[in-house]
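Worksheet: one structure, shown below.
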Amino acid sequence: MKVLLKKVFWNHYDHLGSLVLLNLLWIGVGLPWLVLGGSMLLTGGRLWSRGEVVGLPMVLVGLDVLWMSPPTVALFSVVKGYVSYRPEEVRGWFGALRSNFWRAQALGLTVASGTAVACLGFGVYVRWGPVGMLLAGVMLWTLWLWKTATLFMPAVLAFRNPSFSGAVKGSVSLAGRAAKFSLPFSTLVVLWSVLTGITGVGLVIFGPASASVWVATAFRELTDPDASDDEEPRGWRDIIRPWEA
């Protein structure tokens, strides 16, 4: 985790200007997904605050709409170069958007549908007494695994360029195989996204571009045998006195 945090920091530091530009592209071109997902988030949040349980599934599905979208997959296609310490141009975002559009959109619909079904199952099982509570607990863990797989799905598409079924299998397999890391990591990314999104400025400057750096860095650390601690030799002194680097 220490190495991951170090690489995440320097990946932000080295490409801050590009990440801001990528985030603005994601907001501008991805406006339809932003409007739909944002509306679901706001509506679900209001319902949940009034004690209506249907609000939480709506929030989760809204997050799926925002995250597993063609603009997000295009974002990862550029960021994968940053986290692999390779030069990558921002204009590559447009080509990645075109080439991954329909596959990413189909996966987004699948992810949102899976979340809705899992939430419905939990709501049904929780009313069945003791046995139902056990089944509801299993469904809750399944939902968490599914959401974690969703977090890594754009990275799987960007790094491996798999088929539709390959993207689903690869994401679920990674989330399950590295559950001790991936489940807490998914919570960390959500918390970071909330912190950066509390203010409108933070959402515009960082937003999904920052989250993609976190996820892409973690994905590469988990899957790329060429990833090593020696890739990032810089330390805190390089921030204070960069001319000595």
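Derivation of every value follows stated rules applied to the coordinates shown; laboratory data play no part. Bear in mind that the values here come from a model prediction, so they are computed numbers and not experimental data. Positions of Cβ are generated from backbone atoms using ideal geometry, with glycine treated the same way; all protein chains shown enter the neighbour counts.
Between ALA211, ALA118, ALA179, where does the largest GNM mean-square fluctuation fall for the chain, given springs only between Cα atoms within less than 10 Å? Among ALA211, ALA118, ALA179, the largest mean-square fluctuation in the Gaussian network model of the chain belongs to ALA179. Restricting the GluC sites (Glu not before Pro) of the range 4-90 to loop positions (DSSP other than H, G, I, E, B) with no more than 12 neighbouring Cβ atoms within 10 Å leaves GLU52, GLU89.
Considering only LEU143, PRO87, GLY30, the residue lying farthest towards the positive end of the dipole of the chain is LEU143, judged by Cα position with unit charges set on Cβ. Since only ALA227, LEU195, MET133 are under comparison, the one whose Cα sits farthest along the positive direction of the charge dipole of the chain, derived from C-beta charges on Lys, Arg, Asp and Glu, is MET133.
Here the range 2-232 is treated with +1 on each Lys and Arg Cβ and -1 on each Asp and Glu Cβ, and its dipole about the Cα centre works out to around 540 debye.
Restrict the search to the range 53-119; then list the trypsin sites (Lys or Arg not before Pro) that DSSP places in a loop and that have at most 15 other Cβ atoms within 10 Å of their Cβ. Answer in residue order: ARG91. Can you give the relative contact order of the chain as a percent, counting alpha carbon pairs under 8 Å and 6+ residues apart? With pairs under 8 Å counted, the relative contact order is 23 percent. For the chain, the membrane-span-like helices by this rule, meaning whole DSSP H stretches whose C-alpha atoms cover at least 15 Å of axis and whose Kyte-Doolittle mean is 1.6 or above, are 16-29, 55-67; this says nothing about an actual membrane.
Among 27-37, 168-178, how do they line up by average Cβ neighbours within 10 Å per residue, starting with the highest?
Numbers: 27-37: 15.6, 168-178: 18.2.
Highest to lowest by the protection proxy: 168-178, 27-37.
The helix-based estimate of mean residue ellipticity at 222 nm for the chain, built from -39,500 (n - 2.57) per DSSP H run of four or more residues and divided by its residue count, is -27000 deg cm²/dmol to the nearest 500.
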